[in-house]
Ligand code: CMP
């Protein structure tokens, strides 16, 4: 298995629900290392740049507004197959479809307020990691 890095964000609903510790603990227990971490509040423009791939989607405006509505925790996780491992731990984007025991099944209330974001491919990770951590 190859060692990879992936970007993870605990979204405003995750911070609001006080599940930062639970989320990070799930990643660490699965063998991933947190190699960078910061808490910040995105501007609408910063959220729009991050989610530029979704700019034609009908939910883009709401997504930007929501992601800039409060503090988020942004981190880089490193470990074997970290991109897929992170996605399995998060569960499906829509919590109604997420496997029991995943972060989204346990904590998320809707497809928008779904607690966490994770890079969905190596290409996404190589855009998303330097977006927040240009020094890495
Ligand atoms: P995320 O993994 O951060 O990537 C894009 C986000 O857009 C996704 O999680 C959801 O929070 C959000 N999203 C995806 N589909 C919808 C939708 N149909 N309505 C609202 N938000 C959505």
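The values are calculated or read from the model by the stated rules, or taken from the named source; none is laboratory data. Computed from a prediction, not measured in an experiment: that's the story for all the values here. Here Cβ is always computed from backbone atoms with ideal geometry, including for glycine, and neighbour counts include all displayed protein chains.
Is it true that residue 39 is within 15 Å of residue 119 (Cβ to Cβ), at pLDDT 95 or above and more than 16 Å from the ligand (Cβ to nearest atom)?
no
From the set of residues in region 102-127 that are near the ligand (Cβ under 8 Å from one of its atoms) and part of a loop (DSSP other than H, G, I, E, B), which is surrounded by the most Cβ atoms within 10 Å (Cβ to Cβ)? If you could, list the steps in order and put the result at the bottom.
The first filter runs over region 102-127 and keeps only residues near the ligand (Cβ under 8 Å from one of its atoms), leaving 110-114, 116-118, 120.
Next cut, part of a loop (DSSP other than H, G, I, E, B) only: 110-114, 120.
Working: 110: 10, 111: 14, 112: 16, 113: 17, 114: 22, 120: 16.
The residue in question is 114.
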query = When residue 135 is evaluated against the numbered criteria (1) closer than 14 Å to residue 14 by Cβ; (2) away from the ligand (no atom under 12 Å from the Cβ), which criterion, by number, is the only one it fails?
reply = (1)
inquiry  = So residue 49 passes all but one of these: (1) farther than 19 Å from residue 131 by Cβ; (2) assigned to a helix (DSSP H, G or I); (3) more than 13 Å from the ligand (Cβ to nearest atom). Which condition number does it fail?
reply    = (1)
note = Filtering region 20-35 down to residues that are in contact with a helix residue (DSSP H, G or I) (Cβ under 8 Å, 6 or more places away or on another chain) and closer than 20 Å to residue 132 by Cβ yields 20, 23, 27, 32, 34
inquiry  = Any residue at all in region 65-72 that's in contact with a strand residue (DSSP E or B) (Cβ under 7 Å, 6 or more places away or on another chain) and either closer than 18 Å to residue 136 by Cβ or touching a residue at least 12 places away in the same chain (Cβ under 8 Å) (or both)?
reply    = yes
inquiry  = I'd like to check something: does region 68-91 contain any residue that is surrounded by fewer than 18 Cβ atoms within 10 Å (Cβ to Cβ), closer than 20 Å to residue 13 by Cβ, modelled with pLDDT of 95 or more and within 10 Å of the ligand (Cβ to nearest atom)?
reply    = no
Residue that is assigned to a helix (DSSP H, G or I) and buried (at least 19 other Cβ atoms within 10 Å of the Cβ), where the choices are 13, 22 = 13
request  = Spot the failing condition for residue 70; the list is (1) closer than 18 Å to residue 132 by Cα; (2) over 15 Å from the mean Cα position of the chain (by Cα), and only one is missed.
outcome  = (2)
ask   = crowded, with 17+ Cβ neighbours inside 10 Å and either within 10 Å of the ligand (Cβ to nearest atom) or at pLDDT below 95 (or both) - does that describe any residue in region 55-63?
value = yes
